[in-house]
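Colleague: This is the structure, below, for whatever I ask next.
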Amino acid sequence: YFFRFENITFWRTQAAADEQSDKEHGTGLIQAVIFEAADRNNIGGSAYGGQRSICCTPDLAKLEGCKQGEVIRIPSSTDSKWPMVLNIYFGGNDLSTSMDNAKVPIMKTGMYNLFFIACDPKLKGTTMSGKTVWKNPDGYLPGRMAPLKKFYVYMMIAYLLLSAIWFSQYVRFWKDILLLQHCITAVIGLGLFEMILWYFDYSNFNSTGMRPVVITTWVVTVGAIRKTLARLLILSVSMGYGVVRPTLGGLTSKVLLLGATYFLASELLDITEYVGTINDISGRARLFLVLPDAFLDAFLILWIFTSLSKTLEQLQVKRISAKLDLYRKFSNALAVAVIASVAWITFEVYFKATDPFNERWQSAWIITAFWDILSFALLCVICYLWAPSQSSQRDMHTRKMSRTNLMMKKLNL
């Protein structure tokens, strides 16, 4: 596999160019440094045990034998050609210089880094344009993303199996279907569609080297809708909708407002993180977008468990043992999901904090995959507990009759 430079051009400031004569050669040096993460200590050095410097200083020139004003390079113990340093010079008083469209072959699997470094202080303020193309043996997908392509195939199969089981019950008892079960069907359909779109997004990226903006926008939008609908479904179930109460009553507008807010927060975060990008967005921008999403999730969890507590209390008072047992199972599943989420967030923070150079890139895909697996597992629990059956409408009818009888008794009084 390889990576190559395409149309790389550097521009220095007018002041820096004016200091040079038009007859001189090599009036400014920029170096492209390519190295594997494991060889990062082979770039730079320190004089007398002091602070490490990437560029060769007068003291380091005496100690290390490096050339002053250039990047310090120590050959790797496994391959003397690495780390690789390519020199790009400005000529005379030119404002710009271009780099050859060179292709660099890579023979060893690893996490490779590319830096453009100017040790000359006169080149401060230099800008650049162009791109680099990186290709792995199986395509253009970065190594940390490549396993996700196969993962989404397995997720598609899982959603297809769940869809087949759910729809067989759905068709069998279609006359007794509740609105709640229509919502579950929508979540399953959106989940399947999302996994298909993710697969096509990664496949296109792998074959062309470019993230298709249209497909990626579609997939993050479908994902945001699916996540929003799934959260509102769990909230509605926790409130007893379809089991204890036929409608949400005055809470409907609040639930819909929360759903719209969550959708916007999730959509903005995912579009910024995925659409047209390959690397992670900057920490400050990501923090700005993650905080609203995290706050809304925390608020939803609090509301869900508060509603669950009230629903369980109502069922205990009414002594409806079958539904009480169902809601206890549901609350236990939710508690496990929340504990697993907190534990995984802790692990994710530890994983990233202890791997600043992405040396564990081969297992980084699991961080993303876990959330899809957890969402699917919770959806399976909901499908199991609220599967279509003949008793669905009968229970709803029984509740309506009970309320009617209660009102009749009050009127007789």
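The values are calculated or read from the model by the stated rules, or taken from the named source; none is laboratory data. In this text, all values refer to a predicted model and were calculated from it rather than measured experimentally. Note: ideal-geometry Cβ built from the backbone for every residue, glycine included; neighbour counts use all protein chains shown. Just the protein is used for accessible areas: all its heavy atoms, side chains included, with ligands, DNA and RNA removed. Shrake-Rupley method; radii C 1.70, N 1.55, O 1.52, S 1.80 Å.
Colleague: Cβ neighbours within 10 Å, averaged per peptide: list 315-324, 35-44 in order, most packed at the top.
Modeller: Working: 315-324: 13.0, 35-44: 17.1.
Ranking the peptides 315-324, 35-44 by packing returns 35-44, 315-324.
Colleague: Which Cys residues of the chain have no other Cys Cβ less than 4.7 Å away and so no disulfide-compatible partner by this rule?
Modeller: Cys183, Cys380, Cys383
Colleague: Follow-up. Set the Förster distance to 30 Å, then compute FRET efficiency between Ala260 and Thr368 from the Cβ-Cβ distance, nearest 0.05. Working shown, then result.
Modeller: Numbers: r = 26 Å, r/R0 = 0.86.
FRET efficiency, Ala260 to Thr368: 0.70.
Colleague: Would you mind computing, in nm to one decimal, how far apart the modelled labels at Glu273 and Ser341 are, each placed 7 Å from Cα along Cα→Cβ?
Modeller: About 1.4 nm, to one decimal.
Colleague: Let me ask something else about it. When ligands, DNA and RNA are left out and all protein chains stay put, how many square angstrom of accessible area per residue does region 2-135 have with a 1.4 Å probe?
Modeller: Solvent-accessible surface per residue comes out at 57 Å².
Colleague: Let me have the 222 nm mean residue ellipticity of the chain computed from DSSP H runs of 4+ only, each contributing -39500 (n - 2.57), with the sum over all residues rounded to the nearest 500.
Modeller: Dividing the helical sum by the residues of the chain leaves -19500 deg cm²/dmol.
Colleague: Could you look at the chain and say what percent of its accessible area is carbon and sulfur, using a 1.4 Å probe and all protein chains?
Modeller: Result for the chain: 62 percent of the exposed heavy-atom area is carbon or sulfur.
Colleague: In nm², what is the average projected area of the convex hull enclosing the Cα atoms of the chain? All intermediate terms of the calculation are to be shown ahead of the outcome.
Modeller: Values: hull surface 108.6 nm².
Mean projected area of the Cα convex hull: 27.1 nm².
Colleague: If you build the convex hull over the alpha carbons only and average its shadow over all orientations, what do you get for region 2-135? Give it in nm² to one decimal.
Modeller: 8.9
Colleague: At 7 Å along Cα-to-Cβ for each site, give me the label-to-label distance between Ser21 and Ser98 in nm.
Modeller: For Ser21 paired with Ser98, the spin-label model returns 2.8 nm.
Colleague: How far, in nm, would the chain grow between Met210 and Thr127 when pulled straight, counting 0.36 nm per residue and subtracting the alpha carbon separation?
Modeller: 27.5 nm
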